Structures are given as structure tokens and as C-alpha cells.
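Student: Please find one structure pasted underneath; my questions will follow.
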Amino acid sequence: MAQFRRIGILTSGGDAPGMNAAIRAAAREALAGGVEVYGILEGYQGLIDGNMKLFTSARDLSNIINKSGTVLYSARCDEFKYPEGMAKALKTCKDNHIDGIIAIGGDGTFRGATDLSAHGIPTIGIPGTIDNDVTSTDVTIGFDTAMNTAMNMIDNLRDTCESHARCNVIEVMGRWAGHIALRTGIASGASAVAIPEIPFDEEAAIQKIIDQKADGKRSFIVVVSEGLVGYAEKLAKTIQERTGVETKFARLAHIQRGGKPTLQDRLLASEMGATAMKFLFEGKSDIVLTKVDGKIGYRNIKDALTVDRMFKKKLKPEEYEALSAEDKAWMEARCAAVQADMERLYAIANEIS
Ligand code: F6P
């Protein structure tokens, strides 16, 4: 630990409820070890511009565990992807004696973290994204809060649907991943759920609404992932035409990114923030934290990004061939486990809708 003088912490990409709890935990762990902390503002852009604030005491991080957003602000930064941007970021680290960085965010954040590690700044990633689309971990920070927010909004729509005997098709966030849609669909009693990972049977969904209406049901909820770009709005029109049920469309959008973090997110963020700092002090670098089967662990960032691409079926054949037998085995097993879990939940969603 002696080699660390100052640590930088940044949040980058889309904000996620619980990021503040992760910042607080990581910073306090460092301060407890006698290491000062720079809060780098607006992600990698702040590192390029030297836009930072120094935390010298735990009091500098008081009363943020319960707040959403990120006190360090966030941004998506193109400049950092180029050598000139990286050179400025490295100069900021050198000038300010920053010997290590904790980067909280999603896959774009991890790409930046692995680049920094390769340039001699030990960097550790913490998965903070509402999308839960980091395949090597069961959960990401912000996922639980976003689902609860979406569920509560859908409950509100259910109330008015019931009064007016309507259907509401709701598009939820998640980028290319259907995790939020799948779980909020189940939790809000949706008649149907459409996600990118599993083919959607539109005919069956429409027939279900027709049958449910005939059975006396008045309100209908259909949850669609934004990953099926533009589909939710079209589906609302089709349902109205085919079932005769007046159907509204709602896009929940960024409302899902705000709101007080849930206990689950605060806990996960606190565990991951403190552990990430411990790992950095132990000399680890170029890793992303994970939580699998209830246990905090880590994966090399390159592997974490590769298994994400494998899950999204975006891995090029030559990339696949270049993997070691051991890596192929765990990555394939991981993708199969995530897919199987989604299929299991999807089947339940259909059975009980
Ligand atoms: O990654 C988080 C996320 O909220 C996605 O669910 C969504 O697709 C995207 O970010 C929206 O990005 P922006 O905040 O740039 O509009």
C-alpha cells in the first residue's frame, strides 16, 4: 500500500443509482488507509482536463449514500479514445501524483480503464449501469433501483388502465439487454414481455389479450425492451387494431435512472467500492468487479468485455479461435447460464401472465 499516494475515482457513461454509495465506500476505504482521493469530475473528460476535487476526509463524502445520480458527474468522452486524450490524462495523473484509479460505469468505462492500466496507471472497474448488461456479474449497481422505479411507474399506468379498460405498452431502458424488461414485466403482472434475447410471439401475445378480455380482464400491460428499437410503439397500434382494446404507448426513458437507490444497490455499491479499493492496494489492476452467486470477485477487463460480446453474439470467429480452451469454457458456461436464467424467467412470465 505504501506506493499509493493518491487515488482517483471517476464515474463515466450513463449514471446509475448507487454510484454515490460506491464512490463513498471506495474513497473512505482509501482515506482509512491514509491515501488521499481525487474525485475526477465528468468521467474521463475530467482526467483529460484535470477537473477534480480532492477528498481529504470522510466528511467530504457525507450524506451521499442515499442520493441518486453521481456527485462526480458523468460524461461519455470520445477524446479519451485517442492518443492525444490519453497523453493529457496521463499527464494529469503524473502532475497530481495519482497512482491508481477506480472507474465506475459500463463497458465504455471498462475500455477506458483497461487502456489506462496498459499505460501504467493501475485501474479497476466497478460495474455501475442500470442495464445489468455486464455478463460476468450477476448484478450491476443501479439495476435494482431502475427496476423498482420502472415497476412503480407501470403500477401507476395499471391503475388508470383498469379505470378505462385500456392496454398500455411500456418501453423500458436496458440498451440492448432485456433484463429490466423481463423482471419488471413479471413484477407488474404484464400480459406479455418482449426482449431482444428471446424471440417474441406477437400472435400469441395478441391472442392472450383477446382471451383475457373475454375472461373479464379490464387492464393490460405489455413491457417491451428499448433494445427492440421502435417496436413498442408499433406493437401498441397493432394491439389496438387487433384486440379492440384502446392501447396507449409510454416510454419511461430517463426517469428510470433517477430516484433514491434501493437498499440492494447501496449494499452492492458499498461492497464493491470498498473491495475495489482493497484490490487496488493489493496490487491488482485491469480488472472489473463481479458478484456471482452472492460472492464478490473479479475478472480481467478484456475477458469481461469479450464475454459480453460473446453473449451478444458479436464475437468475431478469429477472436473466438484466439481464446484459450479455459477461457472458452468459462465464457461459454457463463453465457449459457445467463441465457438459461432469462429463458427460465421468460417462461414464468408467460405462464403466469
Ligand atoms: O446505459 C444506460 C442507459 O440508460 C441505457 O439504458 C440507455 O439506452 C442509455 O443509457 C441512454 O443514454 P443517454 O443517457 O446518453 O441518453
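Student: Filter the stretch 162-178 down to the residues that are in contact (Cβ under 8 Å) with a residue 60 or more places away in the chain and out of contact with any Phe, Trp or Tyr (no Cβ under 7 Å at 6 or more places or on another chain) and list them by number.
Tutor: At the first step, the residues of the stretch 162-178 found to be in contact (Cβ under 8 Å) with a residue 60 or more places away in the chain are 164-173, 176, 178.
Across the stretch 162-178, the qualifying residues are HIS164, ALA165, ARG166, ASN168, ILE170, GLU171, VAL172, MET173, TRP176, GLY178.
Student: Against the definition (within 22 Å of GLY13 (Cβ to Cβ), within 15 Å of the ligand (Cβ to nearest atom), surrounded by 20 or more Cβ atoms within 10 Å (Cβ to Cβ) and in contact (Cβ under 8 Å) with a residue 12 or more places away in the chain), how does THR135 come out, yes or no? Walk me through it before giving the result.
Tutor: Details: within 22 Å of GLY13 (Cβ to Cβ): yes; within 15 Å of the ligand (Cβ to nearest atom): yes; surrounded by 20 or more Cβ atoms within 10 Å (Cβ to Cβ): yes; in contact (Cβ under 8 Å) with a residue 12 or more places away in the chain: yes.
So THR135 passes the test.
Student: Which members of the stretch 131-153 meet the condition of being touching a Lys or Arg at 6+ places or on another chain (Cβ under 8 Å), under 14 Å from GLY69 (Cα atoms) and of a type in the set (A, V, I, L, M, F, W, C)? Before you say what the answer is, go through the steps one by one.
Tutor: At the first step, the residues of the stretch 131-153 found to be touching a Lys or Arg at 6+ places or on another chain (Cβ under 8 Å) are 131, 133, 135-139, 142, 145-147.
Now narrow it down to the ones that are under 14 Å from GLY69 (Cα atoms): 142, 145-146.
The one that is touching a Lys or Arg at 6+ places or on another chain (Cβ under 8 Å), under 14 Å from GLY69 (Cα atoms) and of a type in the set (A, V, I, L, M, F, W, C): ALA146.
Student: Would you confirm whether or not the stretch 5-12 contains a residue that is surrounded by fewer than 22 Cβ atoms within 10 Å (Cβ to Cβ) and either closer than 16 Å to THR123 by Cα or out of contact with any Asp or Glu (no Cβ under 8 Å at 6 or more places or on another chain) (or both)?
Tutor: Taking every residue of the stretch 5-12 in turn, at least one turns out to be surrounded by fewer than 22 Cβ atoms within 10 Å (Cβ to Cβ) and either closer than 16 Å to THR123 by Cα or out of contact with any Asp or Glu (no Cβ under 8 Å at 6 or more places or on another chain) (or both).
Student: What pairs come out if I take residues in the stretch 82-98 that are surrounded by 11 or more Cβ atoms within 10 Å (Cβ to Cβ) and pair them with residues that are of a type in the set (Lys, Arg) and modelled with pLDDT under 95 whose C-beta lies under 9 Å away, six or more apart or interchain?
Tutor: The qualifying pairs are HIS97/ARG5; ILE98/ARG5.
Student: Further question on the same structure: Hey, among ALA25, ALA16, which residue is of a type in the set (A, V, I, L, M), within 16 Å of the ligand (Cβ to nearest atom) and either without any contact (Cβ under 8 Å) to a residue 60 or more places away in the chain or crowded, with 21+ Cβ neighbours inside 10 Å (or both)? Can you show your working first?
Tutor: Details: ALA25 fails: within 16 Å of the ligand (Cβ to nearest atom).
That would be ALA16, the only listed residue that is of a type in the set (A, V, I, L, M), within 16 Å of the ligand (Cβ to nearest atom) and either without any contact (Cβ under 8 Å) to a residue 60 or more places away in the chain or crowded, with 21+ Cβ neighbours inside 10 Å (or both).
Student: Any idea which of ILE126, ILE141, ILE101 is β-branched (Val, Ile, Thr), more than 16 Å from the ligand (Cβ to nearest atom) and either touching a residue at least 40 places away in the same chain (Cβ under 8 Å) or out of contact with any strand residue (DSSP E or B) (no Cβ under 7 Å at 6 or more places or on another chain) (or both)?
Tutor: Values: ILE126 fails: more than 16 Å from the ligand (Cβ to nearest atom); ILE141 fails: more than 16 Å from the ligand (Cβ to nearest atom).
Criteria check complete, one pass: ILE101.
Student: Would you mention how many residues in the stretch 205-240 are surrounded by fewer than 15 Cβ atoms within 10 Å (Cβ to Cβ), over 24 Å from MET147 (Cα atoms) and either touching a His at 6+ places or on another chain (Cβ under 7 Å) or in contact (Cβ under 8 Å) with a residue 40 or more places away in the chain (or both)?
Tutor: 1
Okay, residues lined up against (1) farther than 16 Å from GLN212 by Cβ; (2) surrounded by fewer than 24 Cβ atoms within 10 Å (Cβ to Cβ); (3) modelled with pLDDT of 95 or more:
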site: ASN148; (1), (2), (3): yes, yes, yes
site: ASN152; (1), (2), (3): yes, yes, yes
site: ASP155; (1), (2), (3): yes, yes, yes
site: ALA165; (1), (2), (3): no, yes, yes
site: GLY185; (1), (2), (3): no, no, yes
site: PRO196; (1), (2), (3): yes, yes, yes
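Student: Is it the case that PHE143 is within 11 Å of the chain's Cα centre (by Cα) and of a type outside the set (Lys, Arg)? Can you show your working first?
Tutor: Working: within 11 Å of the chain's Cα centre (by Cα): yes; of a type outside the set (Lys, Arg): yes.
Yes, satisfied.
Per-residue answers, yes or no, for (1) more than 21 Å from ALA32 (Cβ to Cβ); (2) in contact with a helix residue (DSSP H, G or I) (Cβ under 9 Å, 6 or more places away or on another chain); (3) buried (at least 22 other Cβ atoms within 10 Å of the Cβ); (4) in the same structural domain as THR135 (by TED's automatic domain parsing):
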residue: ALA269; (1), (2), (3), (4): no, yes, yes, yes
residue: LYS278; (1), (2), (3), (4): no, yes, no, yes
residue: GLU282; (1), (2), (3), (4): no, no, no, yes
residue: VAL288; (1), (2), (3), (4): yes, yes, yes, yes
residue: LYS291; (1), (2), (3), (4): yes, yes, no, yes
residue: ILE296; (1), (2), (3), (4): no, yes, no, yes
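Student: Could I ask something else about it? Given (1) touching a Ser or Thr at 6+ places or on another chain (Cβ under 6 Å); (2) of a type in the set (A, V, I, L, M); (3) over 26 Å from ILE180 (Cβ atoms), identify the lone condition not met by ALA21.
Tutor: Of the numbered conditions (1) touching a Ser or Thr at 6+ places or on another chain (Cβ under 6 Å); (2) of a type in the set (A, V, I, L, M); (3) over 26 Å from ILE180 (Cβ atoms), the odd one out for ALA21 is (3).
Student: Between GLY128, GLY189, GLY142, which is out of contact with any Phe, Trp or Tyr (no Cβ under 9 Å at 6 or more places or on another chain) and closer than 30 Å to HIS97 by Cβ? Before you say what the answer is, go through the steps one by one.
Tutor: Values: GLY189 fails: closer than 30 Å to HIS97 by Cβ; GLY142 fails: closer than 30 Å to HIS97 by Cβ.
From the options GLY128, GLY189, GLY142, the qualifying one is GLY128.
Student: Does the stretch 164-171 contain any residue that is within 16 Å of the ligand (Cβ to nearest atom) and outside the structural domain of LEU305 (by TED's automatic domain parsing)?
Tutor: First pass over the stretch 164-171, keeping only residues within 16 Å of the ligand (Cβ to nearest atom): 170-171.
From the residues that got through so far, the ones that are outside the structural domain of LEU305 (by TED's automatic domain parsing) too are 170-171.
Yes; the residues of the stretch 164-171 include at least one that is within 16 Å of the ligand (Cβ to nearest atom) and outside the structural domain of LEU305 (by TED's automatic domain parsing).
Student: Do we have any residue at all in the stretch 90-100 that's at pLDDT 95 or above, out of contact with any helix residue (DSSP H, G or I) (no Cβ under 7 Å at 6 or more places or on another chain) and basic (Lys, Arg)?
Tutor: Yes.
Student: Out of ALA181, ALA205, ALA194, which single residue is touching a Gly at 6+ places or on another chain (Cβ under 9 Å) and part of a helix (DSSP H, G or I)?
Tutor: Values: ALA205 fails: touching a Gly at 6+ places or on another chain (Cβ under 9 Å); ALA194 fails: part of a helix (DSSP H, G or I).
Sole residue among the options that is touching a Gly at 6+ places or on another chain (Cβ under 9 Å) and part of a helix (DSSP H, G or I): ALA181.
The values are calculated or read from the model by the stated rules, or taken from the named source; none is laboratory data. Model, not experiment: these values are computed from the prediction. Neighbour counts are summed over all protein chains in view; Cβ atoms, including those assigned to glycine, are modelled from backbone coordinates with ideal geometry.
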